[in-house]
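The values are calculated or read from the model by the stated rules, or taken from the named source; none is laboratory data. The structure displayed is predicted, hence computed values, not measured ones. We place every Cβ from the backbone using ideal geometry, glycine too, and count neighbours over all the protein chains shown. Calculation scope for accessible area: heavy atoms of the full protein, side chains included, ligands and nucleic acids excluded. Shrake-Rupley method; radii C 1.70, N 1.55, O 1.52, S 1.80 Å.
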Amino acid sequence: MSKLHILIATTPIVNAYLNSLVNHEQNWKIIEIQAWPVVYERSQVSRSYTYNSTIERILKLRQAKRYLSKLMNSCGENNIQIYLNHAAHPITNWIVHYTKCKINIIPDGILNYIDTKGAYPQNASQKLNTQIASRIICGKRYIYPVDDIYSSGVRPYNTCYYLTKNALIPPNCLNLTQIQLSSKQKIKDTTLFLGQYTEPNRVEIYESQVKRIILREIANGKTIEYRAHPNEKITVELNNFLKTNNVAMQENLKPLELNDTAFSRYVSISSSALITMKLISPSSKCVAAPINFYGIGENAFLQQAEIFRKLGVEVDDDF
């Protein structure tokens, strides 16, 4: 039985290393699971499960689980190599805890550098919703990741792929393999603000910080463009603010990592893309102005600034 390689694509950072990781002489399937299409080269996607609502998400994830189960039954779990970011996602949680597939960890972003114990605390209501969703999607109880977000306490992984060893906190694995990223040659003398997705109840906090950062950039004489997160909904208020301050909305939908030209300066609240772009374009200045608008655990939030600094991202403490 030939080996099958399955990559679970849940985050845009996969575009930075997909072509370096996938060997087209092997049998690969790219399974995309996210609220928006995350893989830029659509011809590489075997199955896409995108959704627009909580109910649709559950239905789509259930379909993805059925398809993956079919592949496992057809090929045999021992003949499948799975590539995933962590064990917190309902589908990857099921794969890690309930299958015998060989598992490899692929880069996720800042989660690869944070001690994730207690990073995403849940109250009783959230835990109940997580368990109900897992039962509907996978027919199994959701098992909270042990030791770290990868569930390293369950079993050692095959290979952990990483972008840089600086500050890396890898899971328990048999091999560590670095993925080399190609550097950008052309630099555009402009600041690019990297937007982020946030929950509706935190939009006001998020946009207040965005405005402060942009006004600071303008005061320092910078030309600015704004790149919205794929799942970010720009409010009328923020849109008017950007227009009033002559901040152009970037229309290029090509992933940052695949653009031929880099920007001289990238700024954001806490986007993981700051880390990726610093690796791809070392001469670019990348600046974070972190606030805890995600509501993550205090320990994880406090680590962000230190992690950014270790990876060459400047942290603006004035905010």
Furthest towards positive pole of dipole, Cys160, Ser272, Ala289, structure part the chain, Cβ charges: Cys160
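When the convex hull of the Cα atoms of the range 125-192 is projected onto a plane and the area is averaged over all directions, what value comes out in nm²? Mind showing how you got there, number by number?
Details: hull surface 34.6 nm².
That works out to 8.7 nm², a quarter of the Cα hull's surface.
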For a label point 7 Å along the Cα-to-beta-carbon line of Asn259, residues of the range 193-237 with backbone N under 11 Å: 193-195, 225-228
1.4 Å probe accessible area per residue over the chain, in Å²: 48
Protein accessible area in the chain, 1.4 Å probe - carbon and sulfur %: 48
Entries in Lys222/Lys278; Lys65/Lys102; Lys3/Lys65; Lys60/Lys100; Lys3/Lys184; Lys127/Lys285 that, when Cα-Cα distance is taken, lie over 28 Å: Lys3/Lys184; Lys127/Lys285
Amide H contacts of Thr190 (H built 1.01 Å from N, under 5 Å, at least 5 apart or other chain): Ser264, Arg265
Paired Rg and Dmax values of the chain, which use every Cα atom, in angstrom: 19.8, 63
Principal axis dimensions, largest first and in whole angstrom, of the range 217-309 by Cα: 37, 31, 28
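How big is the Kirkwood radius of the range 1-156, worked out from every pair of different alpha carbons and given in Å to one decimal?
Working: mean 1/r = 0.0620 Å⁻¹.
It works out to 16.1 Å.
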Residues of the range 229-250 with amide N under 19 Å of the 7 Å Cα→Cβ point at Thr50: 229-234, 250
Kyte-Doolittle at least -0.5, axis length at least 20 Å by Cα - qualifying DSSP helices, the chain: 54-75, 124-138, 203-219
Other-chain or far-sequence residues with amide H under 5 Å of Ala248's (modelled H): Ile224, Tyr226
Inter-label distance, nm, simple model (7 Å from Cα along the C-beta direction), Ser208/Ile179: 3.7
